[in-house]
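S.K.: Supplied in structure tokens, the structure appears directly below.
The values are calculated or read from the model by the stated rules, or taken from the named source; none is laboratory data. Values in this document were obtained by computation on a predicted structure and should not be read as measured data. Cβ placement follows ideal geometry from the backbone for every residue including glycine, while neighbour counts extend to all protein chains displayed. For accessibility, only protein heavy atoms count, side chains too; no ligands or nucleic acids. Shrake-Rupley method; radii C 1.70, N 1.55, O 1.52, S 1.80 Å.
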Amino acid sequence: MFTSKIYKKSPVLIQNIFLSTRSLVRKKLRENNKCEQYTQELIAHEYDSELLSKYHDKALNKTIKQARNTVEYYKSYDLDLKTFPFIDKLEVNSNKNKFLSPKKGAVIKGATSGTTGAPLVIPQNFQSVIAEHAFINRDLAWAGFKEGDKRAWIRGDMIVPLEQKQAPFWRYSYFENMIMLSSFHMAPTNLQSYINAMVNFGVQVIQAYPSSIATLAKYLEINNEYYPGEIKSVVTSSESLKKEDKHLIETRFKCTVFDWYGLFERVAAIASCEHGRYHILTDYAHVELLPAGKTEDGRDRAEIVGTNFNNSLYPLIRYKTGDHVILSDEKNCPCGRVFPIVDSIEGRTGDYLVAEDGQKVHILNHIPKGVEGLLGTQFVQKKDLSIVILVVVDESLFNKDQKYKLILNTKERLGESIKVNIKKVDAISRTKNGKIKQAIREF
Ligand SMILES: [Zn+2]
């Protein structure tokens with residue numbers, strides 16, 4: 001809708017009405033009694049390990065049984081998870097129709113972002129959409145959100161036409177009490193107007209892409225300021241959130257960040273709580289952690305492999321996500337919830353650079369560390385392994401020394417022989433979904 005000619009050509013007020021009406025329809029569809037009931041059920045077992053494991057076991061058994069009985073791909077397996085093969089995106093893409101069970105009711109199609117390899121189209125049933133919404137509701141409850149609270153939404157929706165160069169870079173969704181801000185107009189000179197718009201609206205909870213909210217936090221840091229309003233929490237998802245950025249956002253917005261890891265395949269969800277621990281949501285999906293080597297500082301890394309509970313139309317069992325977590329020794333969280341804890345989620349496997357010795361370097365957050373005046377960075381690696389670092393900078397701080405430091409840091413991680421160039425840009429370009437990739441490899 002947002003890219004249609006009629007929307008783009010409408011005055012801002014009409015765009016607000018368009019957007020609000022669309023949100024109202026969606027809200028009515030999703031937030032029915034069933035969804036509310038489901039949310040309450042999910043909240044009821046998060047402090048009770050017995051209830052939770054009962055729920056998990058029942059959901060897993062049901063998933064396996066349904067998959068075996070209705071889906072061609074799984075028809076020859078026993079009702080024992082261990083006998084099922086591991087699958088991945090490529091396997092599903094090559095056997096698309098074999099995972100589809102006979103359709104009942106509406107089918108909603110969605111695709112993975114496909115930043116690495118071909119995008120995967122996953123058909124979902126309505127139940128899957130409701131379930132997803134119930135989990136989001138519970139996550140918002142963790143973040144202190146109460147029905148009617150004013151929200152800001154900065155999540156890559158094309159609500160403001162790209163051609164528009166003047167504020168307002170935001171629109172309103174009246175029935176949701178929400179200001180939606182564009183992720184595509186965040187040039188340094190526009191950022192103060194974003195902060196002002198949120199303060200004027202009286203925002204209480206911010207839902208944002210990590211890259212979008214981190215851009216605002218960096219802007220506040222560079223200007224030695226803090227967000228001048230009172231925020232309950234920031235809720236992030238859909239991109240990997242770097243530890244440094246989480247800390248920066250929490251400092252500059254003076255509140256806790258609640259981060260959510262999920263994927264369109266719906267085979268795993270991991271959410272951080274008010275104590276900053278990442279919990280694997282064992283009522284969302286069955287997650288297995290496959291050993292995947294060690295980190296540079298000797299900690300255990302594992303790949304997330306998941307079985308989805310909530311989409312019987314397209315069951316995926318033991319699906320290898322290609323995403324990694326760092327394991328934790330902690331068994332109990334001060335928050336009291338009984339979900340298992342992992343230390344952190346590593347960047348998507350797509351987000352890495354290749355060092356001179358051929359090693360993949362995943363953690364790129366250390367490279368810009370200590371370099372002043374950086375508002376955004378993206379690494380583009382060519383076939384000869386040379387790197388162009390695209391940077392959005394505050395000109396008054398990013399001087400020759402800082403530039404030199406950035407090059408030095410890059411070589412330190414990737415090797416002295418790697419050629420590094422720095423290119424200033426107005427903004428880091430986003431994918432179709434408005435996300436920012438930390439690294440792009442052109443080979
Ligand atoms: Zn916790």
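S.K.: Just the residues that are closer than 30 Å to I64 by Cβ and either of a type in the set (D, E, K, R) or within 16 Å of the ligand (Cβ to nearest atom) (or both), please, taken from the stretch 345-360.
M.R.: Within the stretch 345-360, I345, E346, R348 meet the criteria.
S.K.: I need a count of the residues in the stretch 219-249 that are charged (D, E, K, R), modelled with pLDDT of 95 or more and open to solvent by less than 50 Å² (accessible area, probe 1.4 Å).
M.R.: Within the stretch 219-249, the subset charged (D, E, K, R) is 221, 225, 230, 232, 239, 242-246.
Filter again for modelled with pLDDT of 95 or more, leaving 221, 225, 230, 232, 246.
Subset that is open to solvent by less than 50 Å² (accessible area, probe 1.4 Å): 246.
Of the residues in the stretch 219-249, 1 are charged (D, E, K, R), modelled with pLDDT of 95 or more and open to solvent by less than 50 Å² (accessible area, probe 1.4 Å).
S.K.: Return the residues of the stretch 8-40 that are of a type in the set (S, T, Y), touching a residue at least 60 places away in the same chain (Cβ under 8 Å) and closer than 22 Å to L181 by Cβ; say none if nothing qualifies. It would help to see each step written out before you state the result.
M.R.: Applying the first criterion (of a type in the set (S, T, Y)) to the stretch 8-40 yields 10, 20-21, 23, 38-39.
Filter once more, keeping what is touching a residue at least 60 places away in the same chain (Cβ under 8 Å): 20, 23, 38-39.
S20, S23 - these are the residues of the stretch 8-40 that are of a type in the set (S, T, Y), touching a residue at least 60 places away in the same chain (Cβ under 8 Å) and closer than 22 Å to L181 by Cβ.
S.K.: Here's another thing I want to ask about it. Is it the case that D357 is in contact with a Gly (Cβ under 9 Å, 6 or more places away or on another chain) and assigned to a loop (DSSP other than H, G, I, E, B)?
M.R.: Working: in contact with a Gly (Cβ under 9 Å, 6 or more places away or on another chain): yes; assigned to a loop (DSSP other than H, G, I, E, B): yes.
Answer is yes for this residue.
S.K.: In addition: Of all residues in the stretch 203-218, how many are more than 17 Å from K242 (Cβ to Cβ) and open to solvent by 10 Å² or more (accessible area, probe 1.4 Å)? It would help to see each step written out before you state the result.
M.R.: From the stretch 203-218, those more than 17 Å from K242 (Cβ to Cβ) are 203-207; that's our starting set.
Retained after the next criterion (residues that are open to solvent by 10 Å² or more (accessible area, probe 1.4 Å)): 204, 207.
Counting residues in the stretch 203-218 that are more than 17 Å from K242 (Cβ to Cβ) and open to solvent by 10 Å² or more (accessible area, probe 1.4 Å) gives 2.
S.K.: Of the conditions (1) surrounded by fewer than 16 Cβ atoms within 10 Å (Cβ to Cβ); (2) touching a Gly at 6+ places or on another chain (Cβ under 8 Å); (3) of a type in the set (F, W, Y), F443 satisfies every one except a single condition; which number is it?
M.R.: Every condition holds for F443 apart from (2).
S.K.: On to the next question. Just to confirm my filter: which strands (runs of 3 or more DSSP E) fall fully inside the stretch 274-343 and include at least 3 residues that are crowded, with 19+ Cβ neighbours inside 10 Å and out of contact with any Cys (no Cβ under 7 Å at 6 or more places or on another chain)? Spell out the reasoning first.
M.R.: Numbers: elements: 278-280, 285-294, 300-308, 319-327.
Correct list: 285-294, 300-308, 319-327.
S.K.: Additional query: Does I363 qualify as being β-branched (V, I, T), modelled with pLDDT under 90 and away from the ligand (no atom under 16 Å from the Cβ)?
M.R.: Working: β-branched (V, I, T): yes; modelled with pLDDT under 90: yes; away from the ligand (no atom under 16 Å from the Cβ): yes.
Taking the combined requirement at face value, the residue satisfies it.
S.K.: Give the stretch 246-285 a look and list any residue that's more than 16 Å from the ligand (Cβ to nearest atom), touching a residue at least 40 places away in the same chain (Cβ under 8 Å) and out of contact with any Asp or Glu (no Cβ under 9 Å at 6 or more places or on another chain), or say none.
M.R.: Answer for the stretch 246-285, where residues must be more than 16 Å from the ligand (Cβ to nearest atom), touching a residue at least 40 places away in the same chain (Cβ under 8 Å) and out of contact with any Asp or Glu (no Cβ under 9 Å at 6 or more places or on another chain): F253, F264, E265, V267.
S.K.: In the stretch 1-11, how many residues are loosely packed, with under 13 Cβ neighbours inside 10 Å and not in a loop (DSSP other than H, G, I, E, B)?
M.R.: Residues in the stretch 1-11 being loosely packed, with under 13 Cβ neighbours inside 10 Å and not in a loop (DSSP other than H, G, I, E, B): 3 in total.
S.K.: Of the residues in the stretch 58-79, how many are open to solvent by 50 Å² or more (accessible area, probe 1.4 Å) and under 13 Å from H286 (Cβ atoms)?
M.R.: The first filter runs over the stretch 58-79 and keeps only residues open to solvent by 50 Å² or more (accessible area, probe 1.4 Å), leaving 58, 61-62, 65-66, 68-70, 72, 75-79.
Narrowing the set further to residues that are under 13 Å from H286 (Cβ atoms) leaves 58, 61-62.
Matching residues across the stretch 58-79 total 3.
S.K.: Could you please let me know if I154 is β-branched (V, I, T) and within 23 Å of D259 (Cα to Cα)? Give the steps one after another, and end with the answer.
M.R.: Numbers: β-branched (V, I, T): yes; within 23 Å of D259 (Cα to Cα): yes.
Judged against the criteria, I154 is a match.
S.K.: Can you pull out the residues in the stretch 298-335 that are in contact with a helix residue (DSSP H, G or I) (Cβ under 9 Å, 6 or more places away or on another chain) and within 16 Å of the ligand (Cβ to nearest atom)?
M.R.: Residues of the stretch 298-335 in contact with a helix residue (DSSP H, G or I) (Cβ under 9 Å, 6 or more places away or on another chain): 307-322, 335.
Residue satisfying the conditions is C335 alone.
S.K.: Same structure again: So for the stretch 400-411 (the condition being of a type in the set (A, V, I, L, M) and part of a loop (DSSP other than H, G, I, E, B)), does at least one residue qualify?
M.R.: Step one: filter the stretch 400-411 for residues of a type in the set (A, V, I, L, M), giving 406-408.
In the following step, the residues that additionally are part of a loop (DSSP other than H, G, I, E, B) were identified as none.
Checking the stretch 400-411: not a single residue is of a type in the set (A, V, I, L, M) and part of a loop (DSSP other than H, G, I, E, B).
S.K.: Is one or more of the residues making up the stretch 128-136 open to solvent by less than 20 Å² (accessible area, probe 1.4 Å), in contact (Cβ under 8 Å) with a residue 60 or more places away in the chain, assigned by TED's automatic domain parsing to the domain that holds E274 and in a loop (DSSP other than H, G, I, E, B)? Walk me through it before giving the result.
M.R.: So in the stretch 128-136, the residues open to solvent by less than 20 Å² (accessible area, probe 1.4 Å) come out as 128, 130-131, 134-135.
Next cut, in contact (Cβ under 8 Å) with a residue 60 or more places away in the chain only: 128, 130-131, 134-135.
Applying the additional criterion that residues be assigned by TED's automatic domain parsing to the domain that holds E274 yields 128, 130-131, 134-135.
Next, only the ones that are in a loop (DSSP other than H, G, I, E, B) stay: none.
The answer is no; no qualifying residue exists.
S.K.: Follow-up. So in the stretch 16-52, with the set limited to residues that are within 15 Å of S128 (Cα to Cα) and among the acidic types (D, E), which one is surrounded by the fewest Cβ atoms within 10 Å (Cβ to Cβ)?
M.R.: E36
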